[in-house]
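Written out below as structure tokens is the structure these notes cover.
The values are calculated or read from the model by the stated rules, or taken from the named source; none is laboratory data. None of the values given here were measured: they were computed from a predicted structure. Heads up, the Cβs are rebuilt from the backbone with ideal geometry, glycines too, and the neighbour counts pull from every protein chain shown. Accessible surface areas use protein heavy atoms only, side chains included; no ligands, DNA or RNA. Shrake-Rupley method; radii C 1.70, N 1.55, O 1.52, S 1.80 Å.
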Amino acid sequence: MIKVAKFGGSSVADATQFTKVKKIVEAEKSRKFVVVSACGKTSKEDHKVTDLLYLCHAHVKYGVDYEPILKMIEDKYYAIKNELQLGINLDDEFAQIRKLMKKDGDIDYIVSRGEYLTARMMADYLNATFVDAKDIIHFSYDGAVDMEKVRKSLAFVANSDRKIVIPGFYGSLPNGKIKVMSRGGSDITGAIIANVIDADIYENWTDVPGIMVADPRLVNDPLSIKRITYAELREMSYMGANVLHDEAIFPVKEKKIPLNILNTNDPKHPGTMILDSCDEYDLKEKPPVLSGITGRKGFSVISLAKSHISSEVGVLKKALDIVANYGLSIESVPTGIDSFSLVVSTQAAKGRIYELMAELKEKLNPDSINIIDDLSLVAFVGRRLKNYKGFSGKLFGELGNNDINIRLISQTADEISIVVGIENKDFEKTINCIYDSFIRETSYESVKQK
Ligand code: ASP
């Protein structure tokens with residue numbers, strides 16, 4: 001059994017968190033590959049090291065003194081070094097960073113130093129081998145990860161008996177230059193390594209007990225999801241749930257490697273297990289029909305009506321092409337007999353929406369065209385929705401009972417989620433009333449892990 005264990009920023013924020021990581025890693029021999037983020041916040045007022053590094057770079061760029069910010073970073077690492085009595089020579093590391101900053105150094109190099117230093121220190125603390133991500137995570141010039149090259153590089157280091165610590169978030173281009181991923185990218189690093197070494201499990205250690213059924217900022221004390229499929233998680237994260245980087249699913253999905261979201265501060269909690277298929281467990285456990293409820297505010301709906309629109313060939317294509325020319329992505333296209341609607345993000349369309357409508361009007365010649373702003377989309381996600389009769393009736397009934405007007409409904413044929421469009425003002429109410437009646441009141445014990 002081999003596991004890849006990735007620890008997020010809050011799991012490595014200070015010396016106390018480092019000791020928790022050590023306990024977890026040493027508890028199982030199988031936790032051979034350890035991937036770390038840069039130190040995160042220790043409190044609400046504190047700052048993530050990566051944010052500070054970006055800030056330093058901006059200061060360098062505009063010729064403003066960055067020393068006070070760099071000093072904050074330095075202090076954080078020295079505090080960990082001193083408390084844990086680590087041997088790492090931080091003076092040399094920071095001298096090198098300062099040298100580069102003076103020369104208006106490369107941004108990717110500068111911001112990658114958070115992960116680099118955290119991994120160096122963690123390797124020291126765990127008495128493990130440090131492997132620099134620049135030597136194993138290889139990008140092509142188009143930004144894609146060159147998995148074959150990663151495989152070859154990892155083969156060199158994977159055979160050792162020692163545990164291996166790797167910084168997340170960055171890799172290198174064919175010319176050796178460092179390239180960072182998008183924010184939160186350490187999740188992807190862990191997933192790539194899990195794929196390449198054919199890990200049995202990819203553990204993603206955070207500061208929450210897995211993925212919650214609904215956003216804890218909106219719903220009081222939500223349950224965590226025990227099991228979920230990759231496909232359900234994709235729906236949830238696209239619609240707003242963000243425990244894990246979106247892109248981290250693909251490398252593990254390809255090899256059907258289970259992904260376990262766990263809490264460094266409560267390692268006994270089983271967290272959320274993300275699998276290719278939950279069928280085997282669902283037969284025994286009968287989880288709730290809804291796995292998760294998630295959503296986003298801030299959409300606009302452009303509705304076009306025209307008699308016989310459904311029998312006219314190519315109208316929808318023309319409309320989609322026009323929207324595409326504005327570089328706007330369409331979230332949903334509910335269609336009727338003589339009308340259809342285009343749902344777009346209000347923010348993305350800002351400043352261009354009336355121009356877009358004028359063009360739609362001119363080219364499609366509709367009988368009417370209008371726009372509704374302030375729309376929210378809420379997704380009810382669940383693998384058990386498929387072939388489950390009567391659920392949407394109950395769901396819509398509940399929204400009606402709560403005086404919530406549904407502006408649009410969309411459900412794809414795979415039946416993995418039902419998405420409703422409601423007014424922004426009803427957003428919290430929608431999520432809460434469905435959570436209360438379909439999750440909180442449910443008798444299914446399997447979700448009640450707490
Ligand atoms: N440190 C980086 C960030 O803050 C990457 C990561 O944490 O995964 O986005």
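Which ones in the range 350-387 are farther than 30 Å from Y435 by Cβ and of a type in the set (A, V, I, L, M, F, W, C)? Talk me through it step by step, then tell me what you get.
Applying the first criterion (farther than 30 Å from Y435 by Cβ) to the range 350-387 yields 350-371.
Matches in the range 350-387: I353, L356, M357, A358, L360, L364, I369, I371.
Can you pull out every residue in the range 154-171 that is within 16 Å of the ligand (Cβ to nearest atom) and not small (G, A, S)?
Of all residues in the range 154-171, those within 16 Å of the ligand (Cβ to nearest atom) come to 165-171.
V165, I166, P167, F169, Y170 - these are the residues of the range 154-171 that are within 16 Å of the ligand (Cβ to nearest atom) and not small (G, A, S).
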So which pairs qualify, if the first residue must be in the range 86-112 and polar (S, T, N, Q), the second must be open to solvent by less than 10 Å² (accessible area, probe 1.4 Å) and within 16 Å of the ligand (Cβ to nearest atom), the Cβ gap must be under 7 Å, and the two must be at least 6 apart or on different chains? S112/F169; S112/Y170
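Can you tell me how many residues in the range 281-309 are open to solvent by 20 Å² or more (accessible area, probe 1.4 Å), over 20 Å from the mean Cα position of the chain (by Cα) and in contact (Cβ under 8 Å) with a residue 60 or more places away in the chain? Quick ask: steps written out before the conclusion?
Just the residues of the range 281-309 that are open to solvent by 20 Å² or more (accessible area, probe 1.4 Å), to begin with: 281-286, 296-298, 303, 305-308.
Retained after the next criterion (residues that are over 20 Å from the mean Cα position of the chain (by Cα)): 281-286, 303, 305-308.
After this cut, where a residue has to be in contact (Cβ under 8 Å) with a residue 60 or more places away in the chain as well, the list is 282, 285-286, 303, 305-307.
Qualifying residue count for the region: 7.
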Tell me which of these A58 doesn't satisfy, since it passes every other one: (1) surrounded by 15 or more Cβ atoms within 10 Å (Cβ to Cβ); (2) within 16 Å of the ligand (Cβ to nearest atom); (3) free of Cβ contacts under 8 Å to residues at least 24 places away in the same chain. (1)
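From the set of residues in the range 195-248 that are within 16 Å of the ligand (Cβ to nearest atom) and assigned to a helix (DSSP H, G or I), which is surrounded by the fewest Cβ atoms within 10 Å (Cβ to Cβ)?
Initial filter on the range 195-248 (within 16 Å of the ligand (Cβ to nearest atom)): 202-208, 237, 242-248.
Cutting the leftovers down to assigned to a helix (DSSP H, G or I) gives us 237, 246-248.
Details: S237: 20, D246: 15, E247: 17, A248: 26.
The extreme case among them is D246.
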Give me a count of the residues in the range 349-368 that are open to solvent by 50 Å² or more (accessible area, probe 1.4 Å) and over 21 Å from I309 (Cβ atoms). 5
Enumerate the pairs (first residue in the range 171-193 and part of a loop (DSSP other than H, G, I, E, B); second residue anywhere and near the ligand (Cβ under 9 Å from one of its atoms)) with beta-carbon separation below 7 Å, excluding pairs fewer than 6 apart on the same chain, so at least 6 apart or on different chains. M181/F169; M181/Y170; M181/I188; G184/H245; G185/G168; G185/F169; G185/H245
Mind checking which residues of the range 22-47 are closer than 30 Å to K99 by Cβ and either in contact (Cβ under 8 Å) with a residue 40 or more places away in the chain or in contact with a Leu (Cβ under 6 Å, 6 or more places away or on another chain) (or both)? V34, V35, V36, S37, A38, C39
Considering only the range 111-134, I want to know if a residue exists there that is at pLDDT below 95, away from the ligand (no atom under 16 Å from the Cβ), open to solvent by 40 Å² or more (accessible area, probe 1.4 Å) and among the acidic types (D, E). no
